[in-house]
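Scroll down for the structure; my scribbles are underneath it.
Values quoted throughout were computed directly from the atomic coordinates according to the rules given, and no laboratory measurement underlies them. The structure presented is a predicted model; accordingly, all values stated were derived computationally and were not measured. Note: ideal-geometry Cβ built from the backbone for every residue, glycine included; neighbour counts use all protein chains shown.
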Amino acid sequence: MDYEAIRRFAELSVRRGCGFAAIAIGSAMVGAASQPGICFRVGAGFAMLTAIVLYWRGRRAPTRNFRRTEVWLMMDDPPAVSRERLQAMIGSALAEAYLAHAWIAAWITLLMCAIAAVMAVTIA
């Protein structure tokens with residue numbers, strides 16, 4: 001098992017969580033679909049919350065116990081390295097994945113804010 005495999009597991013773990021968040025955000029937006037302006041404001045608010053949580057988790061990832069991560073559970077045969085090195089490998093892979101997805105969520109937030117602003121101007 002090499003660092004590239006650990007990075008793939010970290011990406012998979014973070015994307016799975018983001019997928020569940022996307023389902024929740026989409027459901028909330030469908031609930032407000034009768035008023036499109038409010039619908040996109042709700043989506044922007046939840047996407048911003050998602051970006052904040054991802055950023056926070058990304059900053060904490062290097063110090064979080066690697067044995068309590070989903071990446072550790074996905075590994076069939078952990079590499080034969082010291083615990084400190086394994087902590088650094090898994091922590092940095094998770095931090096990288098969290099922060100990359102936080103940027104994506106931030107851009108989605110900006111896009112939804114722009115759509116909500118356009119709708120507020122054109123519909124009102």
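Computed quantities for the displayed model
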read-out	value
On Cα atoms only, tilt of 83-123 relative to the major axis of the chain in degrees	10
Residues Y98, Y3, Y55 arranged by fewest to most Cβ contacts within 10 Å	Y3, Y55, Y98
Point-charge dipole on Cβ atoms (K/R +1, D/E -1) for the chain, about Cα centre, debye to 20	360
Average Cα contact separation per residue, the chain, under 8 Å, 6 or more apart, as relative contact order %	40
Ranked list, fewest to most other Cβ atoms within 10 Å of each Cβ, for R68, R60	R68, R60
Tilt relative to the chain, helix 3-31 - C-alpha long axis, 0 to 90 degrees, to 10	20
Relative exposure of L54, L110, L86, L94, judged by other C-beta atoms within 10 Å (fewest first)	L110, L86, L54, L94
Given charges at Cβ of Lys, Arg, Asp, Glu: segment 1-109 dipole, positive-most of S92, T109, T69	T109
